[in-house]
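The values are calculated or read from the model by the stated rules, or taken from the named source; none is laboratory data. All values reported here derive from a predicted model rather than from experimental measurement. Ideal geometry is used to build each Cβ from the backbone, glycine not excepted, and the neighbour counts take in all protein chains shown. Heavy atoms of the whole protein, side chains included, go into the accessibility calculation; ligands, DNA and RNA do not. Shrake-Rupley method; radii C 1.70, N 1.55, O 1.52, S 1.80 Å.
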Amino acid sequence: MIEGMTPEFRTDASQTLWQACMDELARELPEQQFNTWIKPLAAQVSEDQQTVTLHVANRFKLDWIRAQYAARLADVLANLQGHPVKLELVITPRENLVKPTKTATSSVVDMPAELTAVADEPASNAFRSRLNRALNFDNLVEGTANRMARAAAMHVSGSPGHLYNPLFIYGGVGLGKTHLMHAIGNKLLADRPDAKVLYIHAEQFVSDVVKAYQRKTFDEFKQHYHSLDLLLIDDVQFFANKDRTQEEFFNAFEALLAKKSHIVMTSDTYPKGLADIHERLVSRFDSGLTVAMEPPELEMRVAILINKAISEGSEMPEEVAFFVAKNVRSNVRELEGALRKILAYSRFNQKEISIQLARDALRDLLSIQNRQISVENIQKTVADYYKIKVADMYSKKRPASIARPRQIAMYLAKEMTQKSLPEIGELFGGRDHTTVLHAVRKISAERQQMTELNQQLHVLEQTLKG
Ligand code: ADP
Ligand code: MG
């Protein structure tokens, strides 16, 4: 709804309210903080005085202001207005923000972090790293789902160029791959501020190649890439079918490894699962360490919710976090979305965060989930996927070609629905709950070991979630 909106600064009320708010913050904050973060903000008050939109210059500032000042700003505004005020933060590049009449375009804040990462914060490395400083190891919650990947990433950031080169991290959307990459870069820069680190999304790399091609500036392009100490390249599945890009990337890859620079890549699948990428590149990808990031388990989801709430200046009771974590399972990005809804709902209605409030705030999301994931749906989806009959889900047949998909379906039923083991057994042709338990244990153990199975399960999970 904010997209394409024009920040105009017509009303005096808008400026008066904002000025009063700034005066208050100026009293509260150390001068330097105020000058750096609050003073440059441009504000707009909606007609009905219910919403204040703040325009910030870039993603980094937006994250910072949201984390550090948003709650206080909302309180001050609410006090001044005498009713709760909704605070919206919008990225509006400074050159677009010409007061008072010129039109400007704003972008919605909910862009993928990798496309809006910025590097112009105070004290930035002279070399443009494109790192988002807000993503680090400290705010990346650890759990079994990401333990391996996180440990490898830590190791690489501590001694790049040695073990695990290249590091290849793969997993489904919203599981923290991009976050982990930025964490590696930020940690290395904290230890060695002069290191040449570059974070780049594969799509950006493709477009850099195209530009170099058009402008005949391949020498500069090469010089730039081949001089790095650490190259973080995100979502390499985007290289599919881009032959020229793959060739350039191959060259950069070889040059960097030869001089013991480190390369970290992410992708939505393991190297051999990548489609339309040259074999020689795929085998290079797999020549260091390949680690998976899994969907977070329940306790990890709870920890993430509690941590994120704190960083937003709120507190989420543990029972509420469990309720949300049980219902929002697929990935961290969705978890964040749910949290944002709950916080907004609580602030707006001035109600404490409780299970009932979470239920109300997430009503739409919960009803979609309840509709979609049933045991019947799982049985049908798994049967389709492995090309067996749905009836075989309840049959007594035992050949592996049938028994295995059936076990997979039982595992998914346990993971993705609220049904108990006996209930699941019942729905699989009246099997004993121990049979279900055995299947669940077996598949979840194998999932840790076998990339192919893990990949299949990811696909099934994504399909079921719709
Ligand atoms: P991906 O690149 O795998 O799609 P992202 O790195 O963009 O996922 O993560 C999505 C969101 O979830 C980001 O805001 C990220 O900070 C957050 N996130 C992911 N994993 C964790 C974690 N373990 N702890 C805290 N936040 C996380
Ligand atoms: Mg990503």
Among the residues of the stretch 251-290, write down those that are among the aliphatic types (A, V, I, L, M), buried (at least 19 other Cβ atoms within 10 Å of the Cβ) and closer than 24 Å to L457 by Cα.
M265, L274, I277
Identify all residues within the stretch 383-410 that are within 21 Å of E446 (Cα to Cα), polar (S, T, N, Q) and in contact (Cβ under 8 Å) with a residue 24 or more places away in the chain; write none if there are none.
Q407
Hey, does the stretch 124-134 have a residue that's more than 14 Å from L231 (Cβ to Cβ), open to solvent by 20 Å² or more (accessible area, probe 1.4 Å) and within 15 Å of ligand 2 (Cβ to nearest atom)?
yes
Cβ-Cβ under 6 Å, sequence separation 6+ or interchain: first residue in the stretch 36-64 and in a helix (DSSP H, G or I), partner surrounded by fewer than 19 Cβ atoms within 10 Å (Cβ to Cβ) and at pLDDT below 80. Which pairs?
R59/T116; F60/E121
Any residue that is open to solvent by 10 Å² or more (accessible area, probe 1.4 Å) and touching a residue at least 40 places away in the same chain (Cβ under 8 Å) - is there at least one of those in the stretch 150-159?
no
With respect to D392, determine if the residue is assigned to a helix (DSSP H, G or I), open to solvent by 30 Å² or more (accessible area, probe 1.4 Å) and either more than 16 Å from ligand 2 (Cβ to nearest atom) or within 30 Å of Q81 (Cβ to Cβ) (or both).
no
Could you please tell me which pairs satisfy a Cβ distance under 6 Å, a separation of 6+ or placement on different chains, a first residue in the stretch 174-188 that is more than 13 Å from P160 (Cβ to Cβ), and a second residue that is in a helix (DSSP H, G or I) and within 6 Å of ligand 1 (Cβ to nearest atom)?
G174/V332; G174/R333; G176/V332; T178/A113
Helices (runs of 4 or more DSSP H) contained in the stretch 404-466 and holding at least 2 residues over 19 Å from G172 (Cα atoms) and within 26 Å of the chain's Cα centre (by Cα)
none
So if I check each of L180, L175, which one is within 13 Å of ligand 1 (Cβ to nearest atom), at pLDDT below 95, under 15 Å from the mean Cα position of the chain (by Cα) and assigned by TED's automatic domain parsing to the domain that holds A145?
L175
